[in-house]
Amino acid sequence: MSFEVIEPASFVTDLEECLGLDSYQAIITTLASWGIRLYAGVNGGGVIHLLKHLAPLCEDTTETPSFLTIGEYTAGFIPLGHYLASGTLAASVATTGAATRLICCGLSDAKLHDIPAVYIVPVSNPGTTGFSPLQDTTEYGSNIVMQLRAELPESVFVLNCPVTLQEQLALAKEQLDRSKPVVVVLDNEGLGNFQPDADFPMPIPGITVRKSHYADALPAAFRRETAGKRVVLFVGEEMARYPNAPELTTRLSEALQAAVIWSINGANAVSRDNPYGYGYISFGGNDKAISLYNSLGNSDVLLVLGACPDEYTVNFKKISAAATFHFSNIPEAYGMVENSLRHVVEGKYYQVNAPLDSLLETLIGAASTHPFSNLPMEKAPRVLNDLPFAHAGDGYADMAALYQRLDQWWPVDSIGIDDTCLAYKDRQYVTQRPNNNIRFYSLYRGSAMGGAFGVAIGAKLADQRRQVFLFTGDGCFRLFSGSMGEVSNLGLVVFLLNNETFGIVEQGLRKVLPDMDTPYYHSRLEPIDYCGIARANNWDAVRLAPDLGNLDDILGKVNHGLSRSLLIEVPVDPDQVLGKNPRLKNL
């Protein structure tokens, strides 16, 4: 059974404002009508005529479209953090050639996590085809448009004519409204042929499909399938986009007396106070949540709330419940095949496409009118892991103790970002439940080392009053450290986990290749002066004492407000294994 609801795409712009402007001004004006005020990247030949219309970034980015000059690799992730923090769009800009490839690491994560973001890149002028232009993007060079369309078949828009400019941008906005990233390709030769009296076509409106009557059909089907069975709520990152998600998931789980498990980012849709919260699932997951998921069978119903069955979440294990209800409102979201999760479900499958908050309210209302007859679950135990935490060796900070101390301290309404390092496996395992004061995000599906630095910048620029914290590794640091100087005044707080290794690699290979000598892991890193590098980039920097003796002093300074960004170097024992990595079984 499938109840499909497709909302019309929204597109608002003042076409009269665009008439009389050159093509580049028209692009900036249109993107501003979408709410885009922040652009990030590096200027160069292919984008100079666009970027000349943008002011340099200043402290206030809420009104005037402005440009942050920062390395392209980092810039590619900034729109992601901006959206996750505020729900508003931002853009990344790169010139032709290698620069385009650098921002595409962020583009990949935007696709894999269904985050709308705008990427602006130019191509070589068509008239240079066959003449070997610098950074050749034609079919004889990188053939970049075809490369981009291989990853985003429906989301690459070539702007090559003033007459069709607004039509192409309208189509791009439709994709953004579907939670897809888009690439806007500048054909400067075509855009330069400006016709001031051109008749700009009106934007093509979104297709509207009449809503199904899920308000009646959904409770009836759910009541029928759950009778006499356990119910488990599986909360994913799409659910976390609704501001009242923690309250709704708590109310529904209490109404059904149903257990709740969640993905890494889905935790942001769950309250720490939810009595039925069994923990994070799979990668860095908690034992109780993993055991519960593995026990699903013919006596269970799984309600998937905007979750994706990716490798780090379910580790290629099919959903084996008697029935699965899948709620989503992102068309063709990542993880779906033919807009469905049917391929990973063994039992009955019900898909409902509608706003998730409305669907949960529907079930909550049905339960209050006529309680469901599902089997009640026991409330979750206080401790969600089966074994005590491993300890760190002498001379190293105990990461379990550090995460627990921080978990008691996080400022209200702050944001945390986990890079592709041990933190994105260990933090959730130790803390076990989400923290109501802070939202944590990890772009783990693309797992681009160092990309989280750009995500943190985007989150901070979305609201500079909000405190943003980044956990990154010494391996990740090498990918973004050249861009630190440009954000020294933002007041970012970066925890640099220094274990002189690629930690995820080394810990994994000890299990996958136990008989191999460690030098053949190729995981060691040379020790360098991270605090010195940070200070050279006008950051403040401090080394955390192994016994955490100076932690309170460091956090006190953060509490009083930072005029400069702060790097906190943490000495980490590479042998302290905390969170689980089930993926190792696949290797």
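Since every read-out is calculated from the coordinates, none of them should be taken as a lab result. Since this is a predicted model, take the numbers as computed values, not measurements. Here the Cβ positions follow ideal geometry from the backbone for every residue, glycine too, while neighbour counts run over all protein chains shown.
Relative to the current alpha-carbon distance between Glu247 and Val512, full extension at 0.36 nm per residue lengthens the span by 91.2 nm. Here region 502-572 and region 20-95 have alpha carbon centers that stand 32 Å from each other.
Computed from label points 7 Å out along Cα-Cβ, the spacing between Ser373 and Ser295 is 2.4 nm. Report the net charge of residues surrounding Gly556, where surrounding means a beta-carbon distance below 15 angstrom and charges are Lys +1, Arg +1, Asp -1, Glu -1. Its environment carries a net charge of -1.
When the C-alpha to C-alpha distance is required to be over 32 Å, the pairs from Lys52/Lys460; Lys229/Lys511; Lys173/Lys557; Lys173/Lys348; Lys173/Lys460; Lys288/Lys460 that qualify are Lys229/Lys511; Lys173/Lys557; Lys173/Lys348; Lys288/Lys460. Along its first, second and third principal axes, ordered by size, the chain spans 70, 61, 49 Å in Cα coordinates. For region 480-500 versus region 97-156, the inter-centroid distance based on Cα atoms is 28 Å.
Where in region 420-441 does the amide nitrogen come within less than 20 Å of the point 7 Å from the Cα of Asp273, taken along Cα to Cβ? Correct set: 432-440.
Modelled spin labels at Lys557 and Asp413, positioned 7 Å past Cα toward Cβ, are 2.6 nm from each other. Summarising the amide proton neighbourhood of Thr137: residues at separation of 5 or more, or on other chains, whose placed amide H is nearer than 5 Å comprise Ser124, Ser142. For Arg510, neighbours were defined as the other residues whose beta-carbon sits under 13 Å from its Cβ, and their charges (Lys and Arg +1, Asp and Glu -1) total -3. Derived scalar couplings between HN and Hα for region 549-559 equal x, 9, 5, 4, 5, 5, 5, x, 5, 5, 4 Hz in order, rounded to whole Hz, by the Karplus curve 6.51 cos²θ - 1.76 cosθ + 1.60 (θ = phi - 60°), x for Gly and Pro.
For region 2-191, what relative contact order do you get, as a whole percent, if you take Cα pairs closer than 8 Å and at least 6 residues apart?
RCO, region 2-191: 20 percent.
Which far-off residues, 5 or more places away or on another chain, put their amide H under 5 Å from the one on Leu513, with H placed in the peptide plane? Those lying under 5 Å, H to H, from Leu513: there are none. Let me know the shape class of region 214-369, please: from the alpha-carbon gyration tensor, a ≥ b ≥ c as square roots of the eigenvalues, rounded when a/c is under 1.5, otherwise prolate if a/b is greater than b/c, or oblate. The shape class here is rounded.
Normalised by the number of residues in the chain, what is the relative contact order in percent for Cα pairs under 8 Å and 6+ residues apart?
14
The gain in end-to-end length when the His522 to Gln464 segment is fully stretched comes to 16.9 nm, 0.36 nm per residue minus the alpha carbon separation.
Across the options His113, Gly306, Pro181, the greatest Cα extent toward the positive end of the charge dipole of the chain (unit charges at beta carbon of Lys, Arg, Asp, Glu) belongs to Gly306. Between Val163 and Asn143, what FRET efficiency comes out of the Förster formula 1/(1 + (r/R0)^6) with R0 = 30 Å and r the beta carbon distance, rounded to 0.05? Once the sixth-power term is evaluated, E becomes 0.70. Taking amide H as placed 1.01 Å from N in the peptide plane, Val493 has its amide H under 5 Å from the amide H of Val468, Leu470, Leu566, each at least 5 places away in sequence or on another chain.
Here the dipole of the chain is about 1520 debye; that uses its Cα centre as origin and unit charges on the Cβ of Lys and Arg (positive) and Asp and Glu (negative). Taking the Cα of Asp216, stepping 7 Å toward and past its beta carbon, and measuring to each backbone N in region 355-384: which are under 16 Å? What the label zone holds, given the 16 Å backbone N cut-off, is 366.
Along region 247-255 the Karplus relation, 6.51 cos²θ - 1.76 cosθ + 1.60 evaluated at θ = phi - 60°, assigns HN-Hα couplings of 5, 5, 5, 5, 4, 5, 5, 6, 5 Hz to successive residues, with x for each Gly and Pro. Using 0.36 nm per residue and subtracting the Cα-Cα separation, the extra length available between Arg382 and Leu548 on full extension is 57.2 nm.
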